[in-house]
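Engineer: To start, I am sharing the structure in question, which I have written as structure tokens.
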Amino acid sequence: MSEKKFRDYQKKTMGENYLKSKYKQEVIKRIYRRYYTKYPEETRNLINVIRKYKDAEFIHPLLLGGSVNKRNLQLIDSRTNFLLIKQIWEQVKN
């Protein structure tokens, strides 16, 4: 990866963690508001699963030209996310 491309990537990712964290919290709030009154136990269980095992990640990765916005985010299993990021880095390095 060229120096310029890496600097551009760094600029894009400055607010990335904040955006991901905010997105995850918004999803949890929407689930809580929609389902808690009818299904309190199931809602708590789902929220716990999201907090422990899900990551907010970009659908189109930033390294591959994706944009930094909420429309490009999704919740994905943490293990799957780790494997995808590892695979992308291997391709970008070569």
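Just so you know, all these numbers are worked out from the coordinates, no wet-lab data involved. Keep in mind that this is a model prediction, so the values were computed, not measured. For neighbour counting, all protein chains shown are included, and Cβ atoms are generated from backbone atoms with ideal geometry for every residue, glycine included.
Engineer: Considering amide H positions built from the backbone, and no H for Pro or chain starts, which residues 5 or more places from Leu73, or on another chain, come under 5 Å of its amide H?
Structural biologist: Long-range HN contacts for Leu73: Ile59.
Engineer: Which pairs break 25 Å Cα to Cα here: Lys29/Lys54; Lys24/Lys93; Lys54/Lys86; Lys52/Lys86?
Structural biologist: From Lys29/Lys54; Lys24/Lys93; Lys54/Lys86; Lys52/Lys86, over 25 Å: Lys24/Lys93.
Engineer: Please report the base-10 log of the normalised intensity I(q)/I(0) for the stretch 3-93, using a Debye sum with one equal scatterer per alpha carbon and no solvent, at each q in 0.12, 0.21, 0.24, 0.26 (1/Å).
Structural biologist: At q = 0.12, 0.21, 0.24, 0.26 Å⁻¹ the computed log10 ratios are -0.45, -1.04, -1.23, -1.34.
Engineer: For Lys93 and Tyr18, what is the calculated FRET efficiency with R₀ set at 35 Å and r taken between the beta-carbons, to the nearest 0.05?
Structural biologist: 0.85
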